[in-house]
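Here is the structure we will look at, set down as structure tokens.
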Amino acid sequence: MNNFRNRPKDNYIHEANWEQLYVLTEHWKSDILFYKDDLRFLHHLIDNYFLWLSKRENIDLVQEIEVKLLLVDKQSDALVERLDKHLHHLAELIDDPFVFVADTFRNEHELLEDDLAQFVKDFRNNRKEVFLLTEHIIKRGGLIRQFNSISK
């Protein structure tokens with residue numbers, strides 16, 4: 001997905017009122033919080049199965065993916081912080097439309113949306129890598145053989 005633009009029309013950011021942008025921003029924050037939960041699951045998956053994934057040939061792959069996940073974690077934390085600040089500014093604009101320069105604020109809103117789109121792209125790529133690595137190890141039989149030997 002190249003584009004996260006989740007709005008009715010291309011010029012929405014410049015035409016929507018402050019309340020509509022507030023609702024849209026809340027939607028973005030909800031999405032980011034969902035992705036953060038999914039990131040916790042991916043970390044949990046790697047952590048719980050690290051023993052099986054830690055064959056010598058897989059250690060480098062696991063570490064590389066873990067580093068990428070940590071970067072996406074930081075990215076999501078920064079976005080949540082920016083979204084909270086943005087929601088605060090939107091609330092101020094709803095109360096007093098002359099608090100900020102409207103065009104400047106709308107441009108910042110658009111940049112935030114672009115950063116969210118990049119985050120979603122990065123997140124999906126990392127998620128795909130975790131699942132591909134897990135699938136690779138399972139197909140090679142390493143995880144199944146090791147699990148069977150432990151459960152006997």
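Listed here are the residues, each with its yes/no results for (1) modelled with pLDDT of 85 or more; (2) outside any helix (DSSP H, G or I); (3) under 24 Å from residue 131 (Cβ atoms).
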residue	(1), (2), (3)
26	yes, no, no
36	yes, no, yes
99	no, yes, no
107	yes, no, no
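Among what's in segment 78-114 and is hydrophobic (A, V, I, L, M, F, W, C) and surrounded by 17 or more Cβ atoms within 10 Å (Cβ to Cβ), pick the residue that is farthest from residue 35 (Cα to Cα). Spell out the reasoning first.
Our first condition is that a residue be hydrophobic (A, V, I, L, M, F, W, C); within segment 78-114, this holds for 78-80, 83, 87, 90-91, 93-94, 98-102, 105, 111-112.
Okay, now just the ones that are also surrounded by 17 or more Cβ atoms within 10 Å (Cβ to Cβ), so 79, 83, 90, 93, 105, 112.
Details: 79: 11, 83: 14, 90: 23, 93: 28, 105: 26, 112: 16 Å.
Here the residue is 93.
So if I check each of 75, 146, which one is polar (S, T, N, Q), surrounded by 13 or more Cβ atoms within 10 Å (Cβ to Cβ), at pLDDT 95 or above and in a helix (DSSP H, G or I)?
Values: 146 fails: at pLDDT 95 or above.
Selected residue: 75, the only one of 75, 146 that is polar (S, T, N, Q), surrounded by 13 or more Cβ atoms within 10 Å (Cβ to Cβ), at pLDDT 95 or above and in a helix (DSSP H, G or I).
The values are calculated or read from the model by the stated rules, or taken from the named source; none is laboratory data. Predicted model, so just to flag it, every value in this text is computed and none were measured. Quick reminder, even Gly has a Cβ in these numbers, built from the backbone with ideal geometry, and neighbours come from all protein chains shown.
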